Amino acid sequence: MKHFLDIHQTDASDLRGMIDTAHAMKTARNGRPKGAPDDDQPLQGRMVALIFEKPSTRTRVSFDVGVRQMGGQTMVLSGKEMQLGHGETIADTARVLSRYVDLIMIRTFEEATLLEMAEHASVPVINGLTNRTHPCQIMADVMTYEEHRGPIAGKKVVWCGDGNNVCASFLDAAGQFGFDFTFTGPETLDPEDKFVGFAREKGSRVTIQRDPFTAVEGADLVVTDTWVSMHDPESAKERRHNQLRPYQVNEQLMSRAKPDALFMHCLPAHRDDEATSAVMDGPHSVIFDEAENRLHAQKAIMRWSLGL
Ligand code: CP
């Protein structure tokens, strides 16, 4: 039993194995209906708890569908409706859930909640997003890049905008999968030093470049995300929009990337803020493949966690 808490905490060869498994499982489904079972049913007889303390569309649906395709069952729990939201400790919740279910996926605010859940659970815990990281998303993004363009190792990935939790997991992936990473955004929204340091220690060339047009020059992949994350206060919205407007991904900016560059956004997006609809729906965009690949990548993560 292995927790999937963060990309930097997971062995690089295991991460590669999960991406390969995800590709193989996607190919094996070969266009069959979404509700049809996989040929093998590794989660048969297993129960998975999906806990959400924040809203979700992709994470919720892709985990639920993925478990069912692999023969398991799910229960979706809202943090507010659980005793967790009314004073029961995370440790006790972890111990209790471990008596009922075979795997726990949690989307929560503080990283400390995830870590405490993992420390006290006797079943695997998967990080479905915290304020600090979003590893399942980036596993799907690596899978998506490689599906379209082959190995991501050695490629130039440029992140535009806010150095948020998704950016942090991209930096983790730069270190583990061996690609170069350029961040372009205002200094106040730089990614945490810890994530930059990890990627550099692993040999990734990490560049901080304030000018977005210089940053995107020669990019293989351009990525952005919402300017105001779920955990940011509403009062920060106007200031962030003013700070981040120069980093909008539009056709002019994309034209500085390589001609075959891909564009990614983990969604949900605020169209015509962080990226224009022309880019989101344009020839470089693979945003809906990314969303689909959450399903396949997470199925591989669950198999790895349970040793199946
Ligand atoms: N990208 C992502 O995690 O989407 P949801 O917030 O809809 O789960």
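Listed values, structure above:
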quantity: From phi via Karplus (6.51, -1.76, 1.60), per-residue ³J(HN,Hα) for the range 61-78 in Hz, x at Gly/Pro; calculated: 6, 5, 5, 4, 5, x, 4, 5, 4, 8, x, x, 10, 10, 10, 9, 10, 8
quantity: Cross-link pairs Lys156/Lys202; Lys26/Lys194; Lys34/Lys155; Lys155/Lys299; Lys194/Lys237; Lys34/Lys299 - those with Cα-Cα distance over 24 Å; calculated: Lys26/Lys194; Lys34/Lys155; Lys155/Lys299; Lys194/Lys237
quantity: Size descriptor, Kirkwood hydrodynamic radius, that averages inverse alpha-carbon separations across the range 60-147, Å; calculated: 14.0 Å
quantity: On Cα atoms only, tilt of 90-100 relative to the major axis of the chain in degrees; calculated: 60 degrees
quantity: Top positive-direction residue, dipole computed over the chain with Cβ charges, set Ile208, Gln9, Thr224; calculated: Gln9
quantity: Cα gyration tensor category, rounded, prolate or oblate, for the range 51-103 with a/c compared to 1.5; calculated: oblate
quantity: Potential extension, Lys194-Lys34 segment - 0.36 nm per residue separation minus Cα distance; calculated: 53.7 nm
quantity: Anisotropy class of the range 244-284 from Cα gyration tensor, a/c 1.5 cut; calculated: oblate
quantity: Protection proxy ranking of 64-70, 88-94 - average other beta-carbon atoms within 10 Å, highest first; calculated: 64-70, 88-94
quantity: Three-way shape call for the range 1-60 based on the alpha-carbon gyration tensor, with the a/c threshold at 1.5; calculated: oblate
quantity: Convex hull volume of the range 96-184 per residue (C-alpha atoms, cubic angstrom); calculated: 104 Å³
quantity: Cα-Cα P(r), the chain, percent of pairs per 10 Å interval; calculated: 6, 28, 35, 23, 7, 0
quantity: Cα-centre dipole for the range 1-126 with unit charges at Cβ (Lys and Arg positive, Asp and Glu negative), debye to 20; calculated: 600 debye
quantity: Max mean-square fluctuation residue, GNM over the chain, Cα-Cα springs under 10 Å, options Gly154, Gly45, Gly31; calculated: Gly31
quantity: Arg16 accessible area, 1.4 Å probe, all protein chains in place, Å² to nearest 10; calculated: 80 Å²
quantity: Cα lying deepest toward the dipole's positive end in the range 89-218, options Ala168, Thr144, Thr184, charges on Cβ; calculated: Thr144
quantity: Linear extension gain, Asp281 paired with Thr89, 0.36 nm per residue minus alpha-carbon span; calculated: 64.7 nm
quantity: Gaussian network model of the chain, Cα within-10 Å springs - most flexible of Pro124, Pro135, Pro268; calculated: Pro268
quantity: Farthest positive-ward along the chain dipole, Cα basis, beta-carbon charges - from His270, Val123, Thr93; calculated: Val123
quantity: Dipole in debye (nearest 20) - the range 49-101, about Cα centre, beta carbon charges: Lys, Arg +1; Asp, Glu -1; calculated: 180 debye
quantity: Lys, Arg +1 and Asp, Glu -1 on Cβ, resulting dipole of the chain about Cα centre, debye, nearest 20; calculated: 560 debye
quantity: Net lengthening on full extension, Val61/Arg245 (0.36 nm per residue, minus Cα-Cα); calculated: 63.1 nm
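The values are calculated or read from the model by the stated rules, or taken from the named source; none is laboratory data. Source: prediction; values computed, not measured. Glycine gets a Cβ as well: all are built from the backbone with ideal geometry, and neighbour counts include every protein chain shown. Calculation scope for accessible area: heavy atoms of the full protein, side chains included, ligands and nucleic acids excluded. Shrake-Rupley method; radii C 1.70, N 1.55, O 1.52, S 1.80 Å.
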